[in-house]
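Here the structure is laid out as structure tokens; the discussion comes afterwards.
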Ligand code: SF4
């Protein structure tokens, strides 16, 4: 075995990637990521001690979140970037140990003290091979499973927190909690009960992180509004923007204004079209293509440069590698990289813009429009209409079908459920799972579209706000008393924190698929199933029948 990773739904044989990731992650990168996470635990050890003494290092705190974000599925495949992060982690850890006065702590775990003999990559690889996910197998499979559930949960939490920080919206409590969890994963004294309690707190923090990001997005860009988004192309050169970072998109829109270049969105950037401050740019012309895993064909056909702002990269072909740009925590070896912004300045997208002028116009893939923008504010504005439709029987149920898309054929299930639900059902969605059904003509109920798209995966928070407003409107006691069913598609670690957030809010009877996470031991999976009535998906026919039965 040259690596071990089982953090996402597409892990090999639903057990673990051991030679090369199904996602394309090379074993060397996986091992460097393992060493980085080991060092992050060491930073967290000293950081938590410093925090207890009333001292913080904001640079180190944000670094921990960003480095975790860099290790999520499909975010960064660039070994050189991980070597640089490892070196920075060592420096930040030393600074924090001094700040905490814990340099000579004889009880400190190895993660807090280990030093490389030299700065050779082979030294890092040798150590990384010893500290990966399976290095704590001796603690028992349930403790190990809970530690990994927590690690993958805080990876999603870290990514959402970083998105908010990129919009200058901060919450030090979230960064502190991430370190508390990292330290807990080193603590052999933590019992199953301790870790289960921490998992629930992790979910609560997930709600906070998504609320923070919602505040960041809506205060910067306005509340999403129902918007018909063009799916075609416009004359002229274009730049395609993917990932989740709305600030990157805005800075690019400013820098391309008046240049004759059109800007297109891809995948999870689709919801950008619904924000008033972004849709005001006339050269933000359309959404191009489908969800992340279609990108190889679609990026080839696009013809112009592509900017990946966050996770969702798949191994590019040589045909477009020279047109591929990454920024932030995203990375691919050999792709262009747009450096971080300097204090008080925007990122410099001039090389990306110059590339657009060299390339040919995008090839049209499809035409027509799709309607998006049903985040909590927009739904609240028609709440009376929604409540009336439920009371009259025109709407019998809502089905939350949020989450992620993925490559497996088994995900056809989600298209089949969307198509097969009775006409009196409304689908509430967020994240790229929607690409399985958002271009089907599912119609509307008295003017209310049957697919209400709240936005990116983090906008699952919007669905929670919508559900809570319906609790008040219907005068029931909890979200579990509403005519809402949950049929969630998961893929990576952002979905893990969304799921934990829903569980922490007491949401029960969630269907989850296409498979349950490989990192849940049988006992931990059973505990979650028993406590929250979580259900694996079955077949579309069976689940539709069960949804309709309520
Ligand atoms: Fe495998 Fe998923 Fe890990 Fe990639 S992220 S190596 S596909 S488990």
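For the stretch 404-444, the tally of residues that are under 18 Å from residue 463 (Cβ atoms) and either assigned to a loop (DSSP other than H, G, I, E, B) or more than 21 Å from the chain's Cα centre (by Cα) (or both) stands at 12. Just one residue in the set 271, 316 is in a loop (DSSP other than H, G, I, E, B), at pLDDT 95 or above and touching a strand residue (DSSP E or B) at 6+ places or on another chain (Cβ under 9 Å); that residue is 316.
Please verify whether the stretch 72-83 includes one or more residues that are closer than 15 Å to residue 182 by Cα and within 23 Å of the chain's Cα centre (by Cα). Taking every residue of the stretch 72-83 in turn, none turns out to be closer than 15 Å to residue 182 by Cα and within 23 Å of the chain's Cα centre (by Cα).
If residue 475 passes every condition in (1) without any contact (Cβ under 8 Å) to a residue 60 or more places away in the chain; (2) over 24 Å from residue 389 (Cα atoms); (3) more than 16 Å from the ligand (Cβ to nearest atom) but one, which one does it miss? Answer for residue 475: the failing condition is (2). Within the stretch 487-507, being away from the ligand (no atom under 16 Å from the Cβ) and not in a loop (DSSP other than H, G, I, E, B) holds for 487, 488, 498, 499, 500, 501, 502, 503, 504. Would you check if there is a residue in the stretch 112-131 being out of contact with any strand residue (DSSP E or B) (no Cβ under 6 Å at 6 or more places or on another chain), assigned by TED's automatic domain parsing to the domain that holds residue 190, in contact (Cβ under 8 Å) with a residue 40 or more places away in the chain and within 16 Å of the ligand (Cβ to nearest atom)? Within the stretch 112-131, one or more residues are out of contact with any strand residue (DSSP E or B) (no Cβ under 6 Å at 6 or more places or on another chain), assigned by TED's automatic domain parsing to the domain that holds residue 190, in contact (Cβ under 8 Å) with a residue 40 or more places away in the chain and within 16 Å of the ligand (Cβ to nearest atom).
Do you know which of the residues in the stretch 166-175 that are assigned to a helix (DSSP H, G or I) and touching a helix residue (DSSP H, G or I) at 6+ places or on another chain (Cβ under 6 Å) is farthest from residue 58 (Cα to Cα)? Only one residue fits best here, namely 174.
For residue 251, the conditions (1) outside any helix (DSSP H, G or I); (2) touching a residue at least 24 places away in the same chain (Cβ under 8 Å); (3) over 20 Å from the mean Cα position of the chain (by Cα) all hold with the exception of (1). Search the stretch 508-524 for residues being assigned to a loop (DSSP other than H, G, I, E, B) and free of Cβ contacts under 8 Å to residues at least 40 places away in the same chain, and hand back the single one that is nearest to the ligand (Cβ to nearest atom). That would be 516. Residue count for the stretch 382-413 satisfying the condition of being under 24 Å from residue 464 (Cβ atoms) and out of contact with any strand residue (DSSP E or B) (no Cβ under 9 Å at 6 or more places or on another chain): 5. What do you reckon, is residue 311 modelled with pLDDT of 95 or more, farther than 21 Å from residue 226 by Cβ and buried (at least 22 other Cβ atoms within 10 Å of the Cβ)? The answer is yes for residue 311.
Conditions tested, residue by residue: (1) modelled with pLDDT under 95; (2) surrounded by 22 or more Cβ atoms within 10 Å (Cβ to Cβ); (3) touching a strand residue (DSSP E or B) at 6+ places or on another chain (Cβ under 7 Å).
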| position | (1), (2), (3) |
| --- | --- |
| 486 | no, yes, yes |
| 493 | no, yes, no |
| 497 | no, yes, no |
| 501 | no, yes, no |
| 512 | no, yes, yes |
| 516 | no, no, yes |
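The values are calculated or read from the model by the stated rules, or taken from the named source; none is laboratory data. Keep in mind that what you see is a predicted model, and the values were worked out from it rather than measured. Note: ideal-geometry Cβ built from the backbone for every residue, glycine included; neighbour counts use all protein chains shown.
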